[in-house]
1. Using the beta-carbon distance between ASP74 and LEU17 and R0 = 25 Å, what value does 1/(1 + (r/R0)^6) give for FRET efficiency, to the nearest 0.05?
2. HN-Hα J couplings of segment 106-112 from phi, Karplus 6.51/-1.76/1.60, θ = phi - 60°, integer Hz, Gly and Pro as x?
3. Stretched out fully, how many nm does the piece from ARG10 to SER43 gain, at 0.36 nm a residue minus the Cα gap?
4. Would you mind working out the accessible area per residue for the chain, using a 1.4 Å probe, and quoting it in Å²?
5. Which length gain, in nm to one decimal place, applies between GLU31 and GLU54 when the Cα-Cα distance is subtracted from 0.36 nm times their residue separation?
6. Please report the antiparallel percentage of DSSP beta bridges with both residues in the chain, rounded to the nearest 5.
7. Once neighbouring chains are kept in place and the probe is 1.4 Å, which whole percent of the accessible area of segment 1-104 is contributed by carbon and sulfur?
8. Just by accessible area at a 1.4 angstrom probe, what is the order of ASP66, ASP13 from largest to smallest?
Amino acid sequence: MNDQRYSIARPGDIEQLHGGWSPIRGHFGIEAFGVNSWTSTASGETVVNDHEEENSGHEELYLVVDGRATFTVDGREIDAPAGTLVFVSEPATQRKAVAAEPTTTVLAIGAKPGEAYQPLGWEWSSGAFAFFGSG
């Protein structure tokens, strides 16, 4: 449901693109922060690619919405069942998440502190879809 003041969607309502990526920010037209989700189809699939945010300066908050994930943050493994929040405040910190159960969904929210949000180039690149699909 959408009107000028608010929008409502269930995660399954938002199209999943390559690699289980759901472009939530684009779906709603959110401009204040980045927000996306990734859903696995099998245990062992990458749901958050191995990366850091040094170039963007983003802090990131992850929420395991469904299933269970194993996060690796700065070399430390974290068991994250549904409902777990993982906050990575330091942009240079390496992080990733792998589905520990089929149909694991991880929501990611991020932005650079103290600055107006600017969408990152990968969100608009067709090559990004292939990148996320490759794991």
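The values are calculated or read from the model by the stated rules, or taken from the named source; none is laboratory data. This is a predicted model, so every value here is computed, not measured. FYI the Cβ positions are ideal-geometry reconstructions off the backbone, even for glycines, and counts take in every protein chain you see. The protein model used for the area step is the full one, side chains on, heavy atoms only, and it has no ligands, DNA or RNA in it. Shrake-Rupley method; radii C 1.70, N 1.55, O 1.52, S 1.80 Å.
1. On the way: r = 29 Å, r/R0 = 1.15.
Computed FRET efficiency for ASP74 and LEU17: 0.30.
2. Here the 3J(HN,Hα) series is 10, 9, 10, 10, x, 5, 8 Hz.
3. Details: separation 33, 0.36 × 33 = 11.88 nm, distance 2.27 nm.
Gain in length upon complete extension: 9.6 nm.
4. Details: 7740 Å² over 135 residues.
In whole numbers, the chain has 57 Å² accessible per residue.
5. Numbers: separation 23, 0.36 × 23 = 8.28 nm, distance 2.09 nm.
Working it through step by step, the gained length comes to 6.2 nm.
6. Working: 35 of 35 bridges.
Once the DSSP bridges in the chain are tallied, antiparallel ones form about 100 percent.
7. On the way: 2760 of 5920 Å².
Carbon with sulfur: 47 percent of the solvent-accessible area.
8. On the way: ASP66 80, ASP13 100 Å².
In descending accessible area the options line up as ASP13, ASP66.
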